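Once you've had a glance at the structure underneath, I'll fire off some questions.
The values are calculated or read from the model by the stated rules, or taken from the named source; none is laboratory data. Because the structure is a prediction, the values reported are computed rather than measured. Positions of Cβ are backbone-derived with ideal geometry, glycine not excepted, and every protein chain shown enters the neighbour counts.
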Amino acid sequence: MAFAAPAKGLRADASAGNELVSANPEFTRDRWDPVPGYADDELGVSNPQHNLAPVEIKEPIRLLPTARELEVRRKLEKETLIALQKWDGVVLDVRETSFVARLVDVSGNHSDEEVELEKDELSPFDLELLEPGAIFYWTIGYRQLLPMGERVRESRIRFQRLPAWSASEIAAARERADAAARELGW
Amino acid sequence: MAAPIIHSQSVVVVLLGSFNPRIVEPLWLSKHSLVPEEEASGAEREMIDRDFSRIVLPWAELVVFQERLQIDTREKITNAAQVRDLLVGILRILPHTPVTVASINHRALLRLDTEEQWHEVGHRLAPKDVWDGVLDKPGMLDFAMQGVRPDGLDGAIKVRIRPNPLVHPGLFINVNDEFSLPDQNDPEPAARAAGLLAKSWSEIEARADHICSTLLKRLVD
Amino acid sequence: MQPLANLAGRGARLSAPRPDELEISVFGPGYGESIAVHLGDGRWMIVDSCIDNRSERPAALEYFGDIDVSCEDQVAIVLATHWHDDHIRGLAEILRACSTARFACSHAFSTREFLLLVESPALGTEQLPAGLREFAEILAILKERRAAGNLLLGTPELVNQKTVLDQSARCEVMSLSPSSATVMEAVQAFATLLPEPSQPMKCVPSPKANEGSVALWVCGASGVALLGADLERNSKDDRGWGAVLGCAPLMKGRASLVKVPHHGSSTGHDQRMWDELLVSQPHAMLTPWELGGRHVPDAADRDRICALAPAAVIAGDTVAKLDRYQPAVERTLREATISRQAAIGRTGHIRARCTPSDKGQWRVDLIHNSQRLCAA
């Protein structure tokens, strides 16, 4: 046998969602295991050749989750998205009911395209961001109920959201521009 | 034999530093244009004293401890650029926040075509002849490797592969790209971290894709 | 008028021009449009950059490889007349390869406003096409040259109206734009794009007009050519083609070859240009352009150009084959998009050459993926 079967004594109690308490405090369980819940997850092995201690993905240990927490966990872990194609897009032109955009394949395996899309393809909260130069992400894939449930094809466009420029960021850019001008003798 | 199928994917980013869990809450995120107002008002929020805050958005979970900030897509989205934007946005809004380490994890759960293929992966990663006469029916529980970073930053690239009973025959792969932020005396460490993350994000993602696809090709073919 | 040779396909043997032969080679569309000018005696100028859709390299560099021109030694000037995405992608690569070339650009790009645009890229736009990023790379190359002690090659030449870019026994190249009024307009346009506190970060959009457009007058013993760039008609005579006509006394003779401005669009057409700067029925070259289903030159543009230049030729086309995706993705694209086209068309190349003995009659060759614009 190449892979180990789950050890006996591992409690797989899907309904309670309790944290698994093991006799071995080093033992960790990943959320990918059938029991929904959170766990410490060691990443990598500490290496004396570099100073960086492994960073864990962790949650606070609780003995009993709240009912709300259980509901949230179940909702989050019920489905997944498998991406078939991802583009970064930039809006080139906005028309009355549509917009034109350049699509750049994230994987780099396909050439750039220019597409015209209906504004209806956008989420209402993204419409306010639609203007030339706006960046968006377009993912086409399947949404699937875990573990073996219904599968639905999905197309999702989401506009990039970045916070506003800060005064210090602009000041830093001005300093760089001034330095460039001085360098060039302008 | 058919190629493995991606059952689900997620991205988990952990930043180590010094954070204030009380600040990062849904309306703060929408006030700074990081999430739409509609998402912020519908978000689940949980706070425990000053030590821990969790926000559940439709596409990710944001957890803040005093010493770390963690974003987990929980298999909900596959365009990690949203995670990058949220992280970079938070760091830009709080430029003086100490940030010392960034750890970016690309995780995938894969279903292999046959159990034979699954066993073959285990045999290739962890040959069993070493265990003859030592253990009965030895099986690989967990496998991790580490490589040096190509960019000179202090840190490592780590890959972890394990069987996973959620899907059978299944494999879980985690590619962890971890580095410490240079120049700890920077007066705006979070701003600098934001720039570094924004600049290297695509490269990190491409590296994780390359590692996964190359390993799978070698293990499964 | 000389018949057009059709040397379509890279299999055709290409050779470098003679020392006394003036050459204007137009590449497009690809990403952008580019022109290579042989100034005489093996010296060249490259204007803007066009990425060849097949090689994904700057088309001018590919051509120089085909005709054994040394980029390191034989390119005297690299001129940037655009700053937005599609027209200068690859220009930094050209400048790096042409290590002894001076860099020249529209005076509009020397302003603090433009430099601030270059120095303030929006985070998260690194993967998207960006002319400003190309410019940042160009400035970095110039800085390296200066650091290496080469001040001449490390300082951009700023081009205004009536700047003499190059002058030799064979040929003189003079810029006809931008006028001072256009530069002022450009500065104001850049200022509107600058980051402001409390304004969200975003990718700088491609402008509707090209304020930095540099039209060129190439005057040689062999012939005269007018390269119209993206210059457009303007209601005010201190900018656009009106301002150019103010330079007319400086231009010796009339041009017998024209690179039609602004892809042959109606906004690029100023009848005075044809009446006062060109001979009757000149040779005309242009490249097409398309955005979201709007195509130039359209049918009316073609009719207008063909009436003025029956031998007009057009390089490349905007119709390139789309990549195929997985069936589920293709289905979604069909459902979700109104129209879809490859962003980069099929690059074409038209070459026009003229020697003193040709007496102003250009030999126009359809080197690759190019054709007559007008019905025979």
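What do you reckon, is C:GLN326 under 30 Å from A:ASP105 (Cβ atoms), of a type in the set (S, T, N, Q) and surrounded by fewer than 17 Cβ atoms within 10 Å (Cβ to Cβ)?
Against the criterion (under 30 Å from A:ASP105 (Cβ atoms), of a type in the set (S, T, N, Q) and surrounded by fewer than 17 Cβ atoms within 10 Å (Cβ to Cβ)), C:GLN326 qualifies.
Same structure, new question: Can you name the residue in segment A:148-186 that is part of a loop (DSSP other than H, G, I, E, B), free of Cβ contacts under 8 Å to residues at least 12 places away in the same chain and facing another protein chain (nearest Cβ under 7 Å) and, of all such residues, is nearest to B:ALA198 (Cα to Cα)?
A:LEU162
Are any residues in segment A:96-126 more than 7 Å from every other protein chain (Cβ to nearest Cβ) and either in a strand (DSSP E or B) or of a type in the set (Asp, Glu) (or both), and if so, which ones?
A:GLU96, A:PHE99, A:ALA101, A:LEU103, A:ASP105, A:ASP120, A:ASP126
Follow-up question, since we're still on this one. Can you pull out every residue in segment A:127-147 that is assigned to a strand (DSSP E or B) and within 16 Å of A:VAL104 (Cβ to Cβ)? Lay out the reasoning, then the answer.
Restricting attention to segment A:127-147, the residues satisfying the condition of being assigned to a strand (DSSP E or B) are A:135-145.
Answer for segment A:127-147, where residues must be assigned to a strand (DSSP E or B) and within 16 Å of A:VAL104 (Cβ to Cβ): A:ILE135, A:PHE136, A:TYR137, A:TRP138, A:THR139, A:ILE140.
Right, something else. Out of C:ALA336, C:ALA320, C:ALA312, C:ALA284, report the one residue that is surrounded by 15 or more Cβ atoms within 10 Å (Cβ to Cβ), in contact with a helix residue (DSSP H, G or I) (Cβ under 9 Å, 6 or more places away or on another chain) and within 14 Å of chain A (Cβ to nearest Cβ).
After ruling out the rest, the residue left standing is C:ALA336.
Same structure again: Is one or more of the residues making up segment C:209-221 within 14 Å of chain A (Cβ to nearest Cβ) and either in contact (Cβ under 8 Å) with a residue 40 or more places away in the chain or closer than 27 Å to C:LEU132 by Cβ (or both)?
Yes, segment C:209-221 contains at least one residue that is within 14 Å of chain A (Cβ to nearest Cβ) and either in contact (Cβ under 8 Å) with a residue 40 or more places away in the chain or closer than 27 Å to C:LEU132 by Cβ (or both).
Looking at the structure I just gave you, is B:VAL175 in contact (Cβ under 8 Å) with a residue 60 or more places away in the chain, crowded, with 16+ Cβ neighbours inside 10 Å, more than 8 Å from every other protein chain (Cβ to nearest Cβ) and more than 22 Å from B:THR73 (Cα to Cα)?
So B:VAL175 does not fit the description; no.
Let me ask something additional. Name the single residue, out of those in segment B:88-115 being part of a helix (DSSP H, G or I), more than 8 Å from chain A (Cβ to nearest Cβ) and modelled with pLDDT of 90 or more, that is farthest from B:ALA190 (Cα to Cα).
Looking at the filtered set, the residue picked out is B:ILE90.
In this structure, does C:GLY348 turn out to be within 18 Å of C:TYR63 (Cβ to Cβ) and modelled with pLDDT under 95?
Details: within 18 Å of C:TYR63 (Cβ to Cβ): yes; modelled with pLDDT under 95: yes.
So C:GLY348 passes the test.
Also, I was wondering about something else. For segment B:6-25, enumerate the residues that are touching a Leu at 6+ places or on another chain (Cβ under 8 Å), buried (at least 19 other Cβ atoms within 10 Å of the Cβ) and in a loop (DSSP other than H, G, I, E, B).
If the condition is that a residue be touching a Leu at 6+ places or on another chain (Cβ under 8 Å), buried (at least 19 other Cβ atoms within 10 Å of the Cβ) and in a loop (DSSP other than H, G, I, E, B), then B:PHE19, B:VAL24 are the ones that fit.
May I pose another question? Only one residue in B:GLY122, B:GLY170, B:GLY133, B:GLY195 is more than 24 Å from B:ILE71 (Cα to Cα), surrounded by fewer than 17 Cβ atoms within 10 Å (Cβ to Cβ) and not basic (Lys, Arg). Which one?
Values: B:GLY122 fails: surrounded by fewer than 17 Cβ atoms within 10 Å (Cβ to Cβ); B:GLY170 fails: surrounded by fewer than 17 Cβ atoms within 10 Å (Cβ to Cβ); B:GLY195 fails: more than 24 Å from B:ILE71 (Cα to Cα).
It is B:GLY133.
Please specify each residue of segment B:179-193 satisfying the condition of being part of a helix (DSSP H, G or I) and either under 17 Å from the mean Cα position of the chain (by Cα) or within 18 Å of A:GLY108 (Cβ to Cβ) (or both).
Scanning segment B:179-193 gives a single hit, B:ALA193.
Taking segment C:36-72, which residues are touching a residue at least 60 places away in the same chain (Cβ under 8 Å) and within 14 Å of chain A (Cβ to nearest Cβ)?
Selection gives C:ILE51, C:ASP52, C:ASN53, C:ARG54.
Go through segment B:176-192 and give me each residue that's in contact with a Leu (Cβ under 9 Å, 6 or more places away or on another chain) and either over 13 Å from B:ARG207 (Cβ atoms) or β-branched (Val, Ile, Thr) (or both).
Residues satisfying the conditions are B:SER180, B:LEU181, B:PRO182, B:PRO189, B:ALA190, B:ALA191, B:ARG192.
Additional query: Given (1) at positive phi; (2) modelled with pLDDT of 90 or more, identify the lone condition not met by C:GLY124.
Only one criterion is unmet by C:GLY124, namely (2).
A further question on this structure: Under 6 Å between Cβ atoms, which residue pairs at least 6 apart in sequence (or on different chains) link something in segment B:195-221 that is within 14 Å of chain C (Cβ to nearest Cβ) with a partner that is at pLDDT below 90 and not in a helix (DSSP H, G or I)?
Taking only residues 6 or more apart or on different chains, the pairs are B:ALA198/C:LEU123; B:ALA198/C:GLY124; B:SER202/C:GLN127.
For (1) closer than 29 Å to C:ARG233 by Cα; (2) under 20 Å from the mean Cα position of the chain (by Cα); (3) of a type in the set (Phe, Trp, Tyr), each residue gets a yes or a no:
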residue: C:SER266; (1), (2), (3): yes, yes, no
residue: C:TRP274; (1), (2), (3): yes, yes, yes
residue: C:HIS283; (1), (2), (3): yes, yes, no
residue: C:PRO288; (1), (2), (3): yes, yes, no
residue: C:ARG334; (1), (2), (3): no, no, no
residue: C:ARG351; (1), (2), (3): yes, yes, no
residue: C:THR355; (1), (2), (3): no, no, no
residue: C:ASP358; (1), (2), (3): no, no, no
residue: C:ASN369; (1), (2), (3): no, yes, no
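Ok, one more. Failed condition for B:SER53, given (1) polar (S, T, N, Q); (2) in contact with a Pro (Cβ under 7 Å, 6 or more places away or on another chain); (3) closer than 30 Å to A:VAL152 by Cβ; (4) part of a strand (DSSP E or B), with all others met?
B:SER53 satisfies every listed condition except (3).
What tally of residues in segment A:130-147 results from selecting those that are farther than 21 Å from A:GLU96 by Cβ, more than 8 Å from every other protein chain (Cβ to nearest Cβ) and among the aromatic types (Phe, Trp, Tyr)?
Residues in segment A:130-147 being farther than 21 Å from A:GLU96 by Cβ, more than 8 Å from every other protein chain (Cβ to nearest Cβ) and among the aromatic types (Phe, Trp, Tyr): 1 in total.
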